[in-house]
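Here's the structure we're looking at; comments come further down.
The values are calculated or read from the model by the stated rules, or taken from the named source; none is laboratory data. The model shown is predicted, which means the values in this text are computed figures rather than measured ones. Backbone-built Cβ (ideal geometry, glycine too); neighbour counts: all protein chains shown.
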Amino acid sequence: MKQIISTSGAPAAIGTYSQAVKVGNTVYLSGQIPLDPATMQLVEGFENQVKRVFDNLKAVCEAAGGSLNDLAKVNVFLIDLAHFAKVNEIMASYIGQPYPARAAIGVASLPRGAQVEIEGVMVLPEAGSHSGG
């Protein structure tokens, strides 16, 4: 059975998708671009965009009952792979070790002219156990 996850702490879905879908203790998070959920406008500057994406992902993880530290896999989409070191630096400030599995993919363009998009899969701790964050 699918449970739809939705939060006002992340941008409202702007297409035919949900912010996340929970199946059992696995949560599939849709790609987040750096939209400010209050204004639905793109934030300016690459570093700010990456931080906004992680803030959006964090809100969705928390709405599903988990945290960024429960992410098992993330996919990072960048229009310029030269920025990947900065993504690593910012990601390390949001997610502790052990880090999730990850892929980094260079793409020609992203929705709304974003420079970065990140999506992932989160596995919630079993009842009675505690997550790392």
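Of the conditions (1) touching a Lys or Arg at 6+ places or on another chain (Cβ under 6 Å); (2) within 27 Å of Met1 (Cα to Cα), Leu42 clears all except one; give me its number.
(2)
Go through (1) in a loop (DSSP other than H, G, I, E, B); (2) among the hydrophobic types (A, V, I, L, M, F, W, C); (3) surrounded by 12 or more Cβ atoms within 10 Å (Cβ to Cβ) one by one and return the number of the condition Met40 breaks.
Tallying (1) in a loop (DSSP other than H, G, I, E, B); (2) among the hydrophobic types (A, V, I, L, M, F, W, C); (3) surrounded by 12 or more Cβ atoms within 10 Å (Cβ to Cβ), Met40 fails exactly one: (3).
How many residues are part of a loop (DSSP other than H, G, I, E, B) and either exposed (fewer than 11 other Cβ atoms within 10 Å of the Cβ) or touching a strand residue (DSSP E or B) at 6+ places or on another chain (Cβ under 8 Å) (or both) if we restrict to region 86-105?
Let us first name the residues in region 86-105 that are part of a loop (DSSP other than H, G, I, E, B), namely 95-100.
Filter once more, keeping what is either exposed (fewer than 11 other Cβ atoms within 10 Å of the Cβ) or touching a strand residue (DSSP E or B) at 6+ places or on another chain (Cβ under 8 Å) (or both): 95, 97-98, 100.
Looking only at that region, the number is 4.
Any residue in region 62-74 that is at pLDDT 95 or above, of a type in the set (Asp, Glu) and more than 15 Å from the chain's Cα centre (by Cα)? Talk me through it step by step, then tell me what you get.
Going through region 62-74, the residues at pLDDT 95 or above turn out to be 62-74.
Next, from what is left, pick out any that are of a type in the set (Asp, Glu): 62, 70.
Now restrict to residues that are more than 15 Å from the chain's Cα centre (by Cα): none.
Within region 62-74, none of the residues are at pLDDT 95 or above, of a type in the set (Asp, Glu) and more than 15 Å from the chain's Cα centre (by Cα).
Could you give me the residue pairs with C-beta distances under 6 Å whose first residue belongs to region 97-123 and is in contact (Cβ under 8 Å) with a residue 12 or more places away in the chain, whose second residue is acidic (Asp, Glu) and surrounded by 12 or more Cβ atoms within 10 Å (Cβ to Cβ) wherever it lies, and which are 6+ apart or on separate chains?
Leu110/Glu117; Met122/Asp70
Which is among the small types (Gly, Ala, Ser) and surrounded by fewer than 16 Cβ atoms within 10 Å (Cβ to Cβ), of Ala63, Ala13, Ala59? Show your work before the answer.
Values: Ala63 fails: surrounded by fewer than 16 Cβ atoms within 10 Å (Cβ to Cβ); Ala59 fails: surrounded by fewer than 16 Cβ atoms within 10 Å (Cβ to Cβ).
The unique qualifying residue is Ala13.
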